[in-house]
1. Does ALA154 meet the test of being crowded, with 16+ Cβ neighbours inside 10 Å, in contact (Cβ under 8 Å) with a residue 24 or more places away in the chain and within 30 Å of LEU78 (Cβ to Cβ)?
2. Of all the residues that make up region 58-70, how many are within 31 Å of the chain's Cα centre (by Cα) and surrounded by 10 or more Cβ atoms within 10 Å (Cβ to Cβ)?
3. Can you say whether TYR73 is farther than 22 Å from ALA153 by Cα, outside the structural domain of GLN102 (by TED's automatic domain parsing) and buried (at least 17 other Cβ atoms within 10 Å of the Cβ), as far as the supplied structure shows?
4. So in region 216-227, with the set limited to residues that are surrounded by 11 or more Cβ atoms within 10 Å (Cβ to Cβ) and of a type in the set (S, T, N, Q), which one is farthest from PRO124 (Cα to Cα)?
5. Of the residues LYS101, LYS85, which is basic (Lys, Arg), at pLDDT 90 or above, outside any loop (DSSP other than H, G, I, E, B) and in contact with a strand residue (DSSP E or B) (Cβ under 9 Å, 6 or more places away or on another chain)?
6. Identify all residues within region 116-136 that are loosely packed, with under 14 Cβ neighbours inside 10 Å and either over 16 Å from the mean Cα position of the chain (by Cα) or assigned to a strand (DSSP E or B) (or both); write none if there are none.
7. Among the residues of region 164-185, is any over 30 Å from GLN102 (Cα atoms), free of Cβ contacts under 8 Å to residues at least 12 places away in the same chain and among the hydrophobic types (A, V, I, L, M, F, W, C)?
Amino acid sequence: MTDTDKIYRGLVSFVHYDKHFATIEYKAGGKMKSINTKTKLPGAGGKTHHFRVGDEINFKLRLTDRGDRQTAYDVEFLYNGGLDKLTQKARSENRFSGYLKQVEDDLFVKEMETYLFFPLKLSPWENKPGEQSFNAPVTFQLVNLDKPKQIAAALSYRVFKPEYREALKAFEAKEPIPAIITKVSPYAVYLDLYGGKIPSKINLPAPGLENLEAGQELNVLISFMNEDRVVVQPA
């Protein structure tokens, strides 16, 4: 095994989200050491990990491109004790307090007690919080609880766009709405609702959906909807 193949175990002690690096504390040769790693590089398995303070990880070492120092790479997330506690709490009482943060073009929520950062999950039909909300206190829920690597935050008070509110009314009232066919494939009819603001599709084959063409209008009923997806069926 070469030095670059050796796997080390470490703990993330610091994350600089603006500059995209994290500091890892680890033990080697009986001594505690620290090493930095870039946070936007793919880790083990080829996926980018959202680093948080307290992450227990496996990693390898290699020289930087400049060759003047070592850096951690091929990082594999194992667990985060603080994150696990928040996840357990969320299963019974999913309400937390924090601060809305902007890092370049990305939005995060910083949990008030643990200081853990969570990516802010926005619905396609949700208005993005304005700059006046940055660094302000917010309440939020954790989402994707069963996928530790994908846990994110959703604000408790969300402002949705008019087309989403109209779709929700139609869904609750079970009212048919007109949709424009944008594409027909052997497997699905693709639709635009509310002037193209909400896309959806109907899988084929389906009764009564033969000989359809793009540009035609089709009345549909919303059979299911949440903040991320709208499912329709022929009216």
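1. When the stated conditions are applied, ALA154 passes them.
2. 7
3. Yes; evaluated as a whole, the condition is true for this residue.
4. This residue is GLN216.
5. LYS101
6. ASN127, GLY130, GLU131, GLN132, PHE134, ASN135, ALA136
7. Taking every residue of region 164-185 in turn, at least one turns out to be over 30 Å from GLN102 (Cα atoms), free of Cβ contacts under 8 Å to residues at least 12 places away in the same chain and among the hydrophobic types (A, V, I, L, M, F, W, C).
This table checks each residue for (1) outside the structural domain of SER123 (by TED's automatic domain parsing); (2) in contact with a strand residue (DSSP E or B) (Cβ under 7 Å, 6 or more places away or on another chain); (3) surrounded by 14 or more Cβ atoms within 10 Å (Cβ to Cβ).
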| residue | (1), (2), (3) |
| --- | --- |
| ALA170 | yes, yes, yes |
| ALA179 | yes, yes, yes |
| VAL184 | yes, no, yes |
| TYR187 | yes, yes, no |
| TYR190 | yes, yes, yes |
| LEU193 | yes, yes, yes |
| ILE198 | yes, yes, yes |
| LEU204 | yes, yes, yes |
| ALA214 | yes, yes, no |
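The values are calculated or read from the model by the stated rules, or taken from the named source; none is laboratory data. Bear in mind that the values here come from a model prediction, so they are computed numbers and not experimental data. Cβ sites come from the backbone with ideal geometry, for glycine too, and all protein chains shown count toward neighbours.
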